[in-house]
Amino acid sequence: MSVARPARRMSPERRRDHLVAAALELYARMPPEQVTVDDVSRAADVSRALFYRYFPNLPSLHVAALSTIVDELIDRISLPGSGSDVLPTEQLRAALDAFLDTVERHAQAYVALLRSGSVIATGETDALVDAVRRHIVALLVERSGLEDPAPLHLMTLRGWVALTEGALLSWLQERAVPRAESSGG
């Protein structure tokens, strides 16, 4: 299965998005570090030369594709405002489910993004991962009601995020626990 056949003429932004969509589709079937320029060109139904017109190399495509996943994670992980009558535990469960939905849809790419020593791990991809972590900690701080959290509080929240990431990586790689059990649902 390949990304829908592209129009002959596309705006540069649309063509770039089309190449990113092709890469994400490939990442759903294989680890990103195994995806080649030829694979992306074939999936997007474009020439190698056209690929290089939009991306100087494969790592830059990885960053662009992984950025779309990170943007989706940040957009989807939110908590209702402080006036909400939804219990904090239910808010956290909803945010975790949104996170799991996105990560599960992009499992291969997410695992490669977080795996230490991955070919696609760079300073840029590390910054993407940190952006998601900072967003989650900021939401948790906001919902805790503390305007100036103590360093220990922040360290605890960061530890929880790291623990959740580690458990999620195990779950994505092993699938030993059904999703309903892994998300507490």
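The values are calculated or read from the model by the stated rules, or taken from the named source; none is laboratory data. Everything numeric here is computed off the predicted structure, so don't read it as measured data. Heads up, the Cβs are rebuilt from the backbone with ideal geometry, glycines too, and the neighbour counts pull from every protein chain shown.
Take the range 108-158 and flag every residue that is of a type in the set (A, V, I, L, M), closer than 18 Å to ARG76 by Cα, touching a residue at least 60 places away in the same chain (Cβ under 8 Å) and buried (at least 17 other Cβ atoms within 10 Å of the Cβ).
Initially, the range 108-158 is screened for residues of a type in the set (A, V, I, L, M), giving 109, 111-114, 119-121, 127-129, 131-132, 136-141, 146, 150, 152, 154-155, 157.
Okay, now just the ones that are also closer than 18 Å to ARG76 by Cα, so 109, 128-129, 131-132, 136-141.
Applying the additional criterion that residues be touching a residue at least 60 places away in the same chain (Cβ under 8 Å) yields 109, 128, 131-132, 139.
Selection gives ALA109, LEU128, VAL132, LEU139.
Restricted to the range 82-129, and to residues that are among the basic types (Lys, Arg) and more than 30 Å from GLU147 (Cα to Cα), which residue is modelled with the highest pLDDT? Before you say what the answer is, go through the steps one by one.
Going residue by residue through the range 82-129, those that are among the basic types (Lys, Arg) are 93, 105, 115.
If we keep only those that are more than 30 Å from GLU147 (Cα to Cα) as well, we get 105, 115.
On the way: ARG105: 88, ARG115: 74.
Checked the range 82-129; the qualifying residue modelled with the highest pLDDT is ARG105.
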Those residues of the range 11-52 which are among the charged types (D, E, K, R) and part of a helix (DSSP H, G or I), in sequence order: GLU13, ARG14, ARG15, ARG16, ASP17, GLU25, ARG29, GLU33, ASP38, ASP39, ARG42, ARG48
Restricting attention to the range 66-79, and to residues there that are of a type in the set (A, V, I, L, M, F, W, C) and over 9 Å from the mean Cα position of the chain (by Cα), which single residue is modelled with the lowest pLDDT? LEU79
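Does the range 161-172 contain any residue that is of a type in the set (A, V, I, L, M, F, W, C), in contact with a Leu (Cβ under 9 Å, 6 or more places away or on another chain) and modelled with pLDDT of 90 or more? Break it down stepwise before answering.
First, the residues of the range 161-172 that are of a type in the set (A, V, I, L, M, F, W, C): 161-163, 167-169, 171-172.
Remaining after also requiring in contact with a Leu (Cβ under 9 Å, 6 or more places away or on another chain): 161, 168-169, 171.
Right, trim to modelled with pLDDT of 90 or more and you get 161.
Yes, the range 161-172 contains a residue that is of a type in the set (A, V, I, L, M, F, W, C), in contact with a Leu (Cβ under 9 Å, 6 or more places away or on another chain) and modelled with pLDDT of 90 or more.
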